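To start, the structure under review is shown below, and the notes come after it.
The values are calculated or read from the model by the stated rules, or taken from the named source; none is laboratory data. Only a predicted model underlies this, so the values are computations on that prediction, with no experimental measurement involved. For neighbour counting, all protein chains shown are included, and Cβ atoms are generated from backbone atoms with ideal geometry for every residue, glycine included. Ligands, DNA and RNA are stripped out before the accessible areas are found, and what is left, the full protein with its side chains, is counted by its heavy atoms. Shrake-Rupley method; radii C 1.70, N 1.55, O 1.52, S 1.80 Å.
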Amino acid sequence: MKTRVLNNLPREGIREAAQLILQGELVAFPTETVYGLGGNALSAKCAEKIYSAKGRPSDNPLIIHIADVQWLERYAKDIPASAFQLAEAFWPGPLTLVLPKKDNVPAATTGGLDTVAIRMPDHPVALDIIRACDLPLAAPSANQSGKPSPTNSTHVLQDLDGRIAAVVDGGITRIGLESTVLDLAHGTPTILRAGAITFDNLKGFLPDLKTADKDHEHHSPGTRYRHYSPEAKVILCSNEDLDGLIDQLNLDLGKVGFIGFAKRKFNIHIPLQNSPKSYAHVIFSSLRNLDAKKVDYIIVEPISEEGIGVAVMDRLRKAASNSEF
Ligand code: TXA
Ligand code: MG
């Protein structure tokens, strides 16, 4: 299959993307978080195609993307009042709600679970495609399973060229990390995945809110799998421990890439700003860029866990081979 690159302007790009999806094909498109790999969420066949294109285990459920808050009740049932309040406050935006599913959502889409994850993305291209299809779209991040999520259309092609019908190019995504996933289907509201909508943002609406611990893992299938890993070995290391680490591992500095905000003289160095938002914006693309330079190790400087910094550190810990941070 030849993967076409569609332009989001003029409108033909959107129309063609919708036509392909309506024919049962897969099309990647930008959202405000990362690029998604879209297909008809109401078709078990499309869900299977998505798992196969990504090389993703089919028990790791997909998020369905809607274009209007009112669509929530089409696909979810037993919806608590808090879900509507959260949707009102944060949609369109990077918050995914897990709710009991209605029968029209196939088990293939939800990885066999009786719940469904739903969000309304805050991106005109994503919303236009969903509206043009007049369907909810299942859209996991448009990367090969296990790789860092894509934040531009080139990343999508690196992983999925020849495996999907098209990608709609919409430039670089604004946030750079995937949405916050919030479970509202199993008693105490629980954050299953950290994202741009933080614990503090949600706490005002959900006084008993908690963050998933290991016991919650069966409700949060995505956490079981290897994630966000480039080819190179990722090591998290603070600036003060860096020299010790280089000595200890006897690292060949020609084969080491460094991502961080400390001023360091590495041959291959991607300097970042010490701000959680700007770190989030570029961290996945930085991992991919260093991989393209064929380094053996990528050393990443940790960031403080404030705001979206919690989500950045969650992704970095999963990418890293050391876990003391
Ligand atoms: O920002 C995002 O959420 C991006 C964009 C494209 O919208 N999508 C995304 O999808 O990150 P994906 O498939 O890469 O991650 C979805 C996460 C996984 O960890 C999955 O296990 C979890 O959401 N999830 C999906 N449905 C679920 C459900 N019914 N119950 C619990 N977790 C669920
Ligand atoms: Mg993903």
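Restricting attention to the stretch 118-137, does a residue exist that is within 9 Å of ligand 1 (Cβ to nearest atom), of a type in the set (Gly, Ala, Ser) and at pLDDT 95 or above?
yes
With the requirement that a residue be farther than 21 Å from Leu206 by Cα and open to solvent by 10 Å² or more (accessible area, probe 1.4 Å), what does the stretch 110-121 give you?
Taking the stretch 110-121 and keeping what is farther than 21 Å from Leu206 by Cα, we get 110-114, 121.
Passing the criteria: Gly111, Gly112, Leu113, Asp114.
With surrounded by fewer than 17 Cβ atoms within 10 Å (Cβ to Cβ), within 29 Å of Thr180 (Cα to Cα) and either in contact (Cβ under 8 Å) with a residue 12 or more places away in the chain or within 16 Å of ligand 1 (Cβ to nearest atom) (or both) as the only criterion, which of Ser285, Ser238 stands out?
The unique qualifying residue is Ser238.
Quick one: in the stretch 139-170, of everything that is modelled with pLDDT of 95 or more and charged (D, E, K, R), which residue is least open to solvent (accessible area, probe 1.4 Å)?
Taking the candidates together, the pick is Asp159.
Of the conditions (1) open to solvent by 10 Å² or more (accessible area, probe 1.4 Å); (2) within 16 Å of ligand 2 (Cβ to nearest atom), Lys54 satisfies every one except a single condition; which number is it?
(1)
Could you say whether any residue in the stretch 239-249 is out of contact with any helix residue (DSSP H, G or I) (no Cβ under 7 Å at 6 or more places or on another chain) and of a type in the set (Gly, Ala, Ser)?
Checked against the condition, which is being out of contact with any helix residue (DSSP H, G or I) (no Cβ under 7 Å at 6 or more places or on another chain) and of a type in the set (Gly, Ala, Ser), the stretch 239-249 yields at least one hit.
Which of the residues belonging to the stretch 279-317 are farther than 19 Å from Thr173 by Cβ, out of contact with any strand residue (DSSP E or B) (no Cβ under 8 Å at 6 or more places or on another chain) and not aliphatic (A, V, I, L, M)?
Across the stretch 279-317, the qualifying residues are Lys294, Ser304, Glu305, Glu306.
Does Asp241 satisfy the criteria of being modelled with pLDDT under 90 and part of a helix (DSSP H, G or I)?
Answer is no for this residue.
Pairs please, first residue from the stretch 90-109 and surrounded by fewer than 18 Cβ atoms within 10 Å (Cβ to Cβ), second anywhere and part of a strand (DSSP E or B) and not hydroxyl-bearing (Ser, Thr, Tyr), Cβ atoms under 9 Å, 6+ apart in sequence or on different chains.
Pro100/Ala76; Pro100/Val116; Lys102/Ala76; Lys102/Val116; Ala107/Lys101
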